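Have a look at the structure below, then the notes.
What follows is calculated from the coordinates using simple rules that are stated; it is not laboratory data. All values derive from a computational prediction rather than experimental measurement. Neighbour counts are summed over all protein chains in view; Cβ atoms, including those assigned to glycine, are modelled from backbone coordinates with ideal geometry.
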Amino acid sequence: MISRGVSRSIAIVGCGIAGMAAALFLTRLGHRVELVERFDAPRPVGAGLLLQPLGLAVLDRLGVGLRIRSAGARIDRLHGLTHPGGRRILDVGYDEIAPGLSGLGIHRASLFGALHAAVEAEGIAVATATGIVDIDRAADRRPLLVEAAGRRHGPFDLVVDASGAKSVLRPHAGGTTRPVRPFRFGALWTTVPVAGTGFDTAALAQRYIAARQMAGVMPVGGAPGASGPHAAFFWSIPSDRVDAWRAAGLARWKDQVAAVWPEAANLIAGIDDPDRLTPAFYLHATVRHPVAERLALIGDAAHATSPQLGQGANMGLIDAAALADAIAGHADLATGLAAYAAARQRHVRFYQAASWWLTPMFQSGSRLPALIRDIGFPLAHAVPYARRDMAFGFAGLKASAFGRIPPPPQR
């Protein structure tokens, strides 16, 4: 049980998943929190995401876990096959870790809505249309947030940067371990009805042509403004090919999908506008140290990477909980921030490294990474210890400072 200490003024830059989770934790500790958002109104970005057991445990702590589970779709396993040939590359079940354990596929808008409703219920202030570009310091060294036009906000006792992969405040925490690097491949995302299509509504399914093409179907439960169960459909694409994809037309793309994954043709048959598919591209960046004087970085601002392992939202949620716990556990703010950095170090380093090395095996123009994958992954499946270790890795439970496997929720 964490305890309340001195009440501090805290600004959180970014009203996304990690930012809102941090705002809720810190407000409930008695701090005076203000969320600062660059858009005119906070809004979710993207289609679906996979919540892993630790991320779900954080949402349970926040009191929104049951609402999230009712909105999403339970995911019991991940499986992926090559095309052509149908060779099994992935077949990982959460029950190999612990009976009853699962992930949750959910539409980003559902997760965002649940957290935003909790933020409103707590009366947390949200300053919108406020684009922060820098941090200045008051005479007493407390941080001031600076807008592009020069307007300053604060001073604050603490600034939490939850502004995402393109954070401009990252250099204040010592920069990155290497230059920020974009991944060549991203994905087109959309949400489609899944009822009656024959797809397993408790599995994340993928298909691969070497590493140059990847498609996936992930059940997400409900979708905004629609009835019945839905799934997120994603189709990998190089960042420099989006315009060419649009120019070629939807009919040609649907033919390509049908050739790779005939069963998916029915899923996308109703898509009649390319704007229904959202391009998403990713950066890899890891800060040397996610804290500085009265500054903490969480989520993608601290450790942006590809979504290959489905850890982005989960890592941000864990960051928010770990930051609140560290601050509550230490009367001195600097000591608390150092404790937060230490608590997250091993987990972040493992998943940043794993994502960096695994992504080319699934999304790249090179044949060698795909060959290594096609040989190595099936071998790992055949060895019980390696198979269970793989399940731990995909479930986000490797190198976690939280240390325990969350129990299944009581229903």
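Okay, here's what the table says:
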| read-out | value |
| --- | --- |
| Per-residue Cβ neighbour rank within 10 angstrom, fewest leading, S70, S306, S163, S364 | S70, S364, S306, S163 |
| Per-peptide average of other Cβ atoms within 10 Å, ordering 251-257, 17-23 highest first | 17-23, 251-257 |
| Principal-axis tilt of helix 333-362 within the chain, Cα atoms, nearest 10 degrees | 20 degrees |
| Likely footprinting exposure, D325, D275, fewest C-beta neighbours within 10 Å first | D275, D325 |
| Globularity ratio of the stretch 182-280, using Cα Rg and 2.2 N^0.38 Å | 1.04 |
| The stretch 182-280, relative contact order in percent, only Cα pairs under 8 angstrom and at least six apart counted | 35 percent |
| Which of E293, E263 has the fewest Cβ neighbours within 10 Å, and the rest in rising order | E263, E293 |
| Calculated from backbone phi, Karplus (6.51, -1.76, 1.60) coupling profile of the stretch 381-397 in Hz, x at Gly/Pro | 4, 7, 10, x, 5, 5, 4, 5, 5, 5, 4, 4, x, 5, 7, x, 9 |
| Dipole magnitude (debye, nearest 20) for the chain, charges at Cβ of Lys, Arg, Asp, Glu | 720 debye |
| Surface/4 of the Cα convex hull for the stretch 124-210, nm² | 11.3 nm² |
| J(HN,Hα) series, the stretch 92-102, from Karplus relation 6.51 cos²θ - 1.76 cosθ + 1.60, nearest Hz, glycine and proline x | 10, x, 5, 5, 6, 8, 7, x, x, 6, 7 |
| Residue-wise HN-Hα coupling along the stretch 171-180, computed from phi with Karplus coefficients 6.51, -1.76, 1.60 (Hz; x: Gly, Pro) | x, 5, 9, x, x, 10, 5, 8, x, 4 |
| Of P279, P384, P369, the one that fluctuates the most in a GNM where the chain has Cα springs shorter than 10 Å | P384 |
| Sites L250 and E293, calculated FRET efficiency, Cβ-Cβ separation with R0 60 Å, nearest 0.05 | 0.70 |
| In nm, spacing of pseudo-spin labels at A258 and S9 (7 Å Cα→C-beta vector) | 6.3 nm |
| Helix-derived mean residue ellipticity, 222 nm - over the chain, DSSP H n ≥ 4, -39500 (n - 2.57), to 500 | -11000 deg cm²/dmol |
| Global form of the chain, assessed from the alpha-carbon gyration tensor, a/c cut-off 1.5 | prolate |
